[in-house]
Amino acid sequence: MVGIVISFVPGAFIAAALWRLRQLFQLYARGEFFSGNTVALYSRIAASALWFIATLIAAQSALSVAMSYDTGSPHISLSFTHAHAFMLFGAILLRLVTWIMAVGHELENENRSFV
């Protein structure tokens, strides 16, 4: 039972990111590309991706403890694989896109003030 709960924690961050991605596409459908809402959603998606990676590593370690707890000598296993590195790279790219969208939002506001 504990293992199931531990396994669902990283999935909650993925679910939150997917929900925010849906909201982002709804904004795009309305024609809002560089609004403050899109920048905020990009920021939340990137944060969810980073939290997913952190909780995934922590959950795998917690599962190793939970699975070996009754053996008399519980142990913890901590791993950082190429899959984690790839996900971390993707999350950092999302942060970069967030920064670019924030600059685009500032430029759009500046262009509106001139017209």
Residue ID - nearest to Arg95 (Cα to Cα), chosen from residues in the stretch 36-84 that are among the β-branched types (Val, Ile, Thr) and without any contact (Cβ under 8 Å) to a residue 60 or more places away in the chain: Ile45
One residue from Ile92, Ile53, Ile45 being modelled with pLDDT of 95 or more, in contact with a His (Cβ under 7 Å, 6 or more places away or on another chain) and within 30 Å of Ile6 (Cβ to Cβ): Ile53
Enumerated helices (runs of 4 or more DSSP H) restricted to the chain, each holding at least 2 residues that are basic (Lys, Arg): 2-29, 82-114
Exclusive hit being surrounded by 18 or more Cβ atoms within 10 Å (Cβ to Cβ), within 11 Å of the chain's Cα centre (by Cα) and of a type in the set (Val, Ile, Thr), set Ile45, Ile6, Ile14: Ile45
Subset of the stretch 61-115 (residues that are among the acidic types (Asp, Glu) and within 21 Å of Thr38 (Cβ to Cβ)): Glu106, Glu108, Glu110
Per-region count, the stretch 25-39, residues of a type in the set (A, V, I, L, M) and either on the phi > 0 side of the Ramachandran plot or crowded, with 18+ Cβ neighbours inside 10 Å (or both): 1
Within the stretch 52-82, considering residues that are aliphatic (A, V, I, L, M) and farther than 19 Å from Phe8 by Cβ, the one surrounded by the fewest Cβ atoms within 10 Å (Cβ to Cβ): Leu78
Test set (1) touching a residue at least 24 places away in the same chain (Cβ under 8 Å); (2) aliphatic (A, V, I, L, M); (3) farther than 21 Å from Ala91 by Cα - Leu27 fails condition number: (1)
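The values are calculated or read from the model by the stated rules, or taken from the named source; none is laboratory data. Just so we're clear, the structure is a prediction, and the values are computed from it rather than from any experiment. With ideal geometry, Cβ positions are generated from the backbone for all residues, glycine too; neighbour counts draw on all protein chains shown.
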